[in-house]
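The next block holds one structure in the form of structure tokens; read it before the comments.
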Amino acid sequence: MTIRPETPSKALAALLAALLLAACGGGGDGAPAGGDAGTADAGASAPHRGGRMVTAYSTDIVSVNELLTRSSVINSEIIRRILLPLVDETPGLEELEPRLAESWEFSDDRRTLTFHLRPGVEWSDGTPVTADDVAFTYDAWTSPEVAWEDANALDEVERVEVIDPHTVAFHFATPYSTQILDVAAGAVILPRHAWSALPFSEWRTNGDWFLDHLVVNGPFRLVSWKPQDEVVLERNPSYYEEGVPYLDQFIMRVVPEQANQLTQLLSGEADFVAQLSPDDVNRVEESDTARIETHWTRGYIAIGWNCTRPPLDDPAVRRALTLGIDRQTLVDSIWGPYARVIASPVPPDLWAHNGDVEPLPYDPTQASELLAAAGWEDGDGDGVRERDGTPLVVEVITNSGNRQREDAMVLMQEQLRRIGVDLEPQVLEFNTMVERAYERDFDGVLSGWTIPTTFDFRYSFHSAEIDGNNFIGYSNPQVDTLLEDVRAAPTLADAGPLLARLQEIVHRDQPYTFLWQSKRLMGVSNRLHGVRANHLGSYYELRYWWLEPEEGR
Amino acid sequence: MSRYLLRRLAASLLLVWVVVSLTFVLVHAAPGSPVRVLGGQAGGAAEQERRLERIYGLDRPLHEQYLDWLASVARGDWGASLATGRPVARMIGEALPNTLLLAVAATCVEYAVALPLGIWAARRQGKPADHLIRAGSLLLYSVPIFWLGLMAILVFAFLWPVLPPGHMTSPGAGAASLPARLLDVGLHLLLPALVMGVVLAGSTLRFVRNGLLDVLGQDYIRTARAKGLSEGRVVRVHALRNALVPIVQLLGLTLPTLLNGVVVAEVVFSWPGVGRVMIQALNSRDYPVILATTTLAAVLVIAGNLAADLAHAAVDPRLRRRTA
């Protein structure tokens, strides 16, 4: 590992000179002209062992104990490199990859799920990984004092039974479709011998303790964490898989300003930037240090309408709004080739997608008819429809700092104006927006939703969750039943037809105007190969990524 | 003098207490909370929030939380971050030296630029050099640190890559020897300190120039010149000493500007200082950290002003007599 050579004396001499700044941020408003930049990784030969990969990310990790953190993507990505779950999901979502668990089977009544642990796996201090670790982790997951965010996933588990050091069984109250995902893929297994020393009641107030008592079993181990600065990982010599990871070191540097992330990528200081914006694509493609790689994100951007507040409680009005928004133009202007219009919460690249549910067309005429039929006419000729003296004003809130959403607001305002709807954009600070969303103080919320790999959409669409994540207040008994049936199905694959029907009904009711699904645009150094990032994670299978050796080394 | 000092100290403590209490109220009144479930998939969000509120004591009446917090601070316990579970004092303690380093370096640059140029401009009042310097200072004063920082990184770390693009150290620099690490930090300090210092110098420069011009117009200066002293001696021995008095005050008064600038510089240059801790805490409504950093900022500003006033009294004999 060498530090990049600098020449400070030249810099000092020239600093006082006046500077003409060339080629500053090509940030145009237009969409990138280039075609789909796919994976330009042809010509890479066999993986080279060694090297240090540097990635620039905008926020720091929060804790090495993932049970204590609030939905931090980078945090779980880093933890997944040093700690292992029982199984890993795969990009197609139909298969699971054995990790700490080598194999598993259900009992005949499917109420018992038994995992056989991979023998010979050790923690970094030499202690073997055993079923006791799994049992301890389950206790942590479900402890009310630890208060893990996703503890509800384990509601159906009655108890965990350690059968022998390498066999552990989960006993369920009732079988359902995502048993394996819920107990084995959702979180990593924790070291009982190291972490049981601290009582659960003290977990939330002792973040540093876990750092001081960290032992790992993943492909990498933690070398250092300088808060607000960088996380340094290096190859874990006691990792069970032979020959990997290829990288010697992986460094995540915190770069809060996105413009700087791009600069670092282009200058070679960073080898990987997980999230660029469409405006950055051209500059990367024109450079000879980096390239763009993409993958579809497992989420969507949509406007959630407040289904409890007139006139948005009327599905016809919501339908009219969707018809009155030219979503293809939104996508073309803002994303170019890097996003697509979607019609439902399951986008085309996922197996449960219902291909028969087509996005509503852009049809301002039909939209106008629907609105008129609902009693909304522009009596006073000011361009905005009224009904009983109330103008059709729709306030849509969104969070600041997201250029694509803000641009979309402006375009939609113009489009809806043409059908006599006054869309009032309200760009709010993130926490404030979340607050108003949960209080149902909005007409519409423009936000992003992630699709769970369990396809458990109860939390978005079930009427019982109206005080929770179904804050748009959507309530349809048919949908409630479908959601419960999906969960109760024997396997997720069996729930396919149910999910298809769900998409049909949601499309008909239009509680959301689904806007787009976008691609993750990643800046990748031309020396970096084997990048397997996908919707499961930006650093997915980092152990197989590798760097070409630098010139002259 | 000591009665004056005690009175000022008491007033300062009171002021810090007012600022911090106000922050407490505002931060709890702001929309959003540290336990709001932000992810969009988990079920039982409301339950989870209530559970966390109970664990963190956020469901207690506000005055109870307030008194509790005051009491623990009096014991020296700043609590644990709601976001990371780490001790707040340590989070700030890690970052504070980095911020101080940057602030001091920037201030050195600021005065290294403002003093000579200000004096030079004052001595050549009305001449082209003076006009040029004044125009330059206005330009610097108007430039946002944010923009200048981004441009500086673009130019010196990318187009003509001679300096690092931010951060305080090179990637993974922990392993190197101490001299190597010191050099590394010094190199990384150059750009942010220069950018900040130069922007801050914009206003300080004018202050120095105008202050010196003021003094140069006084009777005792005319006397000194009449006595036959060289212009250089007049400026150095008689004028500067008096012109520097308000500069001392300026240091204290511009402390808030410096702190503001440091926060911005830390974001632009990815510098791991207290500003970054503060911003992250604000974004996640991390009450204990917000309160601790606000207290720190308040103490720094108020102490800075107090020190400036005391230094002023020490330097200006007129003040000393009045307050004895």
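The values are calculated or read from the model by the stated rules, or taken from the named source; none is laboratory data. On a predicted model such as this, the values are computed, not experimentally measured, just so you know. Cβ sites come from the backbone with ideal geometry, for glycine too, and all protein chains shown count toward neighbours. Calculation scope for accessible area: heavy atoms of the full protein, side chains included, ligands and nucleic acids excluded. Shrake-Rupley method; radii C 1.70, N 1.55, O 1.52, S 1.80 Å.
In table form, for the structure just shown:
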| item | result |
| --- | --- |
| Subset of the stretch B:130-180 (residues that are open to solvent by 20 Å² or more (accessible area, probe 1.4 Å) and among the charged types (D, E, K, R)) | B:ARG134 |
| When residues of the stretch A:234-279 are limited to those that are touching a Phe, Trp or Tyr at 6+ places or on another chain (Cβ under 8 Å), aliphatic (A, V, I, L, M) and part of a loop (DSSP other than H, G, I, E, B), the one farthest from B:GLY149 (Cα to Cα) | A:VAL244 |
| Flag if A:VAL232 is buried (at least 16 other Cβ atoms within 10 Å of the Cβ) and within 14 Å of chain B (Cβ to nearest Cβ) | yes |
| Leading residue by the ranking (surrounded by the fewest Cβ atoms within 10 Å (Cβ to Cβ)) among those in the stretch A:450-480 that are touching a Pro at 6+ places or on another chain (Cβ under 7 Å) and hydrophobic (A, V, I, L, M, F, W, C) | A:ILE451 |
| Which listed residue is part of a helix (DSSP H, G or I) and either open to solvent by less than 30 Å² (accessible area, probe 1.4 Å) or farther than 30 Å from A:ALA147 by Cβ (or both), from B:LEU26, B:LEU67, B:LEU6 | B:LEU6 |
| Test: residue in the stretch A:268-288 that is of a type outside the set (A, V, I, L, M) and on the phi > 0 side of the Ramachandran plot | yes |
| Among the residues listed as A:ARG508, A:ARG487, A:ARG501, the single one being assigned to a helix (DSSP H, G or I), open to solvent by 10 Å² or more (accessible area, probe 1.4 Å) and in contact with a Phe, Trp or Tyr (Cβ under 6 Å, 6 or more places away or on another chain) | A:ARG487 |
| Entirely in the stretch A:131-215, the helices (runs of 4 or more DSSP H) that have 1 or more residues that are at pLDDT 95 or above and farther than 26 Å from A:ARG70 by Cβ | A:131-142, A:192-195 |
| Residue check, B:THR295 open to solvent by 40 Å² or more (accessible area, probe 1.4 Å) and more than 12 Å from every other protein chain (Cβ to nearest Cβ) | no |
| Tally of residues being open to solvent by 10 Å² or more (accessible area, probe 1.4 Å), in a loop (DSSP other than H, G, I, E, B) and not hydroxyl-bearing (Ser, Thr, Tyr) across the stretch A:511-553 | 15 |
| Long-range neighbours under 6 Å by Cβ, at least six apart or interchain, first residue within 19 Å of B:ALA74 (Cβ to Cβ) within the stretch B:14-30, second open to solvent by less than 80 Å² (accessible area, probe 1.4 Å) and of a type outside the set (Val, Ile, Thr) | B:VAL16/B:ALA298; B:VAL19/B:ALA298; B:PHE24/B:TYR66 |
| Whichever residue in the stretch A:430-463 is aliphatic (A, V, I, L, M) and outside any strand (DSSP E or B) and, among such residues, is nearest to the other protein chains (Cβ to nearest Cβ) | A:VAL434 |
| Filtered residues of the stretch B:47-83 (kept if under 25 Å from A:PRO227 (Cα atoms) and charged (D, E, K, R)) | B:ASP77 |
| Candidates A:VAL273, A:VAL183, filtered to the one that is of a type in the set (A, V, I, L, M, F, W, C), within 13 Å of chain B (Cβ to nearest Cβ), buried (at least 24 other Cβ atoms within 10 Å of the Cβ) and under 25 Å from the mean Cα position of the chain (by Cα) | A:VAL273 |
| Meets criteria (touching a His at 6+ places or on another chain (Cβ under 8 Å), free of Cβ contacts under 8 Å to residues at least 60 places away in the same chain and more than 10 Å from every other protein chain (Cβ to nearest Cβ)) for A:HIS213 | no |
| Selection within the stretch B:86-122 - over 30 Å from A:LEU68 (Cβ atoms) and within 14 Å of chain A (Cβ to nearest Cβ) | B:LEU101, B:LEU102, B:VAL109, B:ALA112, B:VAL113, B:PRO116, B:LEU117 |
| Selection within the stretch B:260-291 - buried (at least 19 other Cβ atoms within 10 Å of the Cβ) and farther than 20 Å from A:PRO227 by Cβ | B:GLY261 |
| Pairs, first more than 20 Å from B:ALA311 (Cα to Cα) in the stretch B:223-246, second part of a helix (DSSP H, G or I) and acidic (Asp, Glu), C-beta under 9 Å, six or more apart | B:ARG225/B:GLU231 |
| Qualifying residue in the stretch A:513-526 (condition: at pLDDT below 95 and either within 11 Å of chain B (Cβ to nearest Cβ) or within 23 Å of A:ARG340 (Cα to Cα) (or both)) | no |
| Checklist (1) at pLDDT 80 or above; (2) within 19 Å of B:SER203 (Cα to Cα) applied to B:LEU240, failing item | (1) |
| Yes/no for B:ALA307 being assigned to a helix (DSSP H, G or I), within 12 Å of chain A (Cβ to nearest Cβ) and either farther than 24 Å from B:ALA11 by Cβ or modelled with pLDDT of 75 or more (or both) | no |
| Of the criteria (1) more than 7 Å from chain A (Cβ to nearest Cβ); (2) in contact with a Phe, Trp or Tyr (Cβ under 9 Å, 6 or more places away or on another chain); (3) in a loop (DSSP other than H, G, I, E, B), which one B:ARG60 fails | (2) |
| Boolean, B:TRP78 is in a loop (DSSP other than H, G, I, E, B) and either at pLDDT 90 or above or surrounded by 20 or more Cβ atoms within 10 Å (Cβ to Cβ) (or both) | yes |
| Breaking point among (1) under 28 Å from the mean Cα position of the chain (by Cα); (2) surrounded by fewer than 16 Cβ atoms within 10 Å (Cβ to Cβ); (3) away from chain A (no Cβ under 14 Å), for B:SER72 | (3) |
| The stretch A:212-229, residues that are surrounded by fewer than 17 Cβ atoms within 10 Å (Cβ to Cβ) and touching a strand residue (DSSP E or B) at 6+ places or on another chain (Cβ under 6 Å) | A:VAL223, A:SER224 |
